[in-house]
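Reviewing the structure listed below.
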Amino acid sequence: MGILENQLETWSRQGATTSASDLYQRIKDALENDQTLKGRSFEIFLQGSYRNSTNIRGDSDVDVVVMLTDTYMPEYGALDEYNKNILKSKANPATYKLRDFRTDVLHIIEREFSSHKVEEGGKSIKIPRTGNNIPADIVPCLKYRYYLPPKTLLSKPTYIEGLWIWDVKRKQSAISYPKKSYENGVTKQGRTSNWYKPTVRMLKNARGWLEDNNFIKQGLASSHSLECLAYNVPDYCFGNSYGETFSKTLQWLQRADLSNFVSQNGFQRLFQSGRWTEEDAHVFIGALNFMSDQWKK
């Protein structure tokens with residue numbers, strides 16, 4: 001019989017944001033006003049569900065990016081030797097490095113949240129949940145530039161800006177493009193007459209129901225994965241009602257060739273990192289279909 005319209009409408013609603021906004025502002029003020037970072041150039045911004053307005057009731061962790069912009073991490077792999085050498089010749093080695101920046105950010109957060117047990121994760125500095133605040137992950141990182149070949153013989157290389165993160169526990173880097181993902185999400189929301197983000201929230205709540213009822217394992221599909229899944233659904237599937245949108249989205253996903261899916265940043269393949277696989281996505285889509293068929297039977 002399908003999932004009831006009022007259930008889907010409830011699932012589509014955005015969760016509370018006040019606590020997240022207050023915590024973000026406190027972190028931002030602490031970093032910008034501490035003398036340790038005076039004279040350093042850096043940006044602070046939200047990423048993830050709170051930034052993208054796809055948070056649901058029960059979402060908690062606030063993801064805060066602290067990006068050092070005094071220096072950047074370049075990727076020249078797409079360039080020919082001529083353009084690569086030109087860019088390298090203009091670059092100066094950094095004297096204040098990411099490890100220094102991370103240490104300074106850690107000490108500032110420890111001072112600001114002295115009554116909390118602030119911990120270091122691999123990629124982030126973690127403020128745990130207390131009676132006074134929700135948890136937060138603070139991600140110190142470098143600006144990342146992925147250089148693209150010049151479009152003409154007379155033009156210069158352009159680049160896509162992202163984040164370069166060093167995992168101190170795994171001793172490996174990670175790259176993401178939250179600004180581009182955010183921009184594409186806003187554009188998709190506009191093209192679908194504001195149905196895209198409510199659909200992401202429906203999928204996230206459906207995932208919670210499937211996990212709670214043991215139809216899928218915990219952690220099978222991250223919130224980012226579900227945003228990317230919905231991002232690939234054609235715009236014509238969104239609109240008119242929650243039931244119609246959910247049904248059209250699910251039907252299209254069941255027929256789709258997942259190998260061509262991209263991340264919400266628009267250019268990375270969704271499954272290329274290996275953190276989420278096509279098999280995982282098929283399991284999730286199959287579970288959604290079973291849930292929809294069996295709802296209230």
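Within segment 73-87, is there a residue that is within 30 Å of Q294 (Cα to Cα), in contact (Cβ under 8 Å) with a residue 24 or more places away in the chain and not aromatic (F, W, Y)?
Scanning segment 73-87 turns up no residue that is within 30 Å of Q294 (Cα to Cα), in contact (Cβ under 8 Å) with a residue 24 or more places away in the chain and not aromatic (F, W, Y).
Keeping to segment 18-48, report how many residues are surrounded by 14 or more Cβ atoms within 10 Å (Cβ to Cβ), under 20 Å from the mean Cα position of the chain (by Cα) and not in a helix (DSSP H, G or I).
The number of residues fulfilling the criteria is 6.
Across segment 275-297, which residue is nearest to M202 (Cα to Cα) among those that are assigned to a loop (DSSP other than H, G, I, E, B) and within 21 Å of the chain's Cα centre (by Cα)?
The residue in question is W276.
In segment 248-274, what residues are touching a residue at least 12 places away in the same chain (Cβ under 8 Å) and part of a loop (DSSP other than H, G, I, E, B)?
A256, F261, S263, Q264, N265, G266, F267, Q268, L270, F271
Among the residues of segment 264-292, write down those that are among the hydroxyl-bearing types (S, T, Y) and either modelled with pLDDT under 95 or exposed (fewer than 13 other Cβ atoms within 10 Å of the Cβ) (or both).
S273, S292
Just to be sure I understand the filter: pairs with C-beta atoms under 6 Å, separated by 6 or more residues or on different chains, first member in segment 159-188 and within 18 Å of S49 (Cβ to Cβ), second member among the hydrophobic types (A, V, I, L, M, F, W, C) and in a strand (DSSP E or B). Which pairs pass?
L163/C141; S176/L163
Within segment 236-249, can one find any residue that is under 30 Å from E161 (Cβ atoms) and at pLDDT 95 or above?
yes
Could you say which residue among N205, N214 is under 21 Å from I3 (Cα atoms) and outside any helix (DSSP H, G or I)?
N214
Could you tell me how many of the residues in segment 147-158 are under 20 Å from D70 (Cβ atoms) and modelled with pLDDT under 95?
0
Across segment 184-221, what is the number of residues that are within 20 Å of F290 (Cα to Cα), of a type outside the set (A, V, I, L, M) and within 17 Å of the chain's Cα centre (by Cα)?
The number of residues fulfilling the criteria is 4.
Taking the condition over 30 Å from W295 (Cβ atoms), at pLDDT below 95 and in contact with a helix residue (DSSP H, G or I) (Cβ under 9 Å, 6 or more places away or on another chain), does A20 pass?
Considered against the rule, which asks whether it is over 30 Å from W295 (Cβ atoms), at pLDDT below 95 and in contact with a helix residue (DSSP H, G or I) (Cβ under 9 Å, 6 or more places away or on another chain), A20 comes out as yes.
Have a look at R207, R201, R191 and point out the one that is in the same structural domain as H282 (by TED's automatic domain parsing) and more than 15 Å from L8 (Cβ to Cβ).
After applying the criteria, what remains is R191.
The values are calculated or read from the model by the stated rules, or taken from the named source; none is laboratory data. All values reported here derive from a predicted model rather than from experimental measurement. Neighbour counts are summed over all protein chains in view; Cβ atoms, including those assigned to glycine, are modelled from backbone coordinates with ideal geometry.
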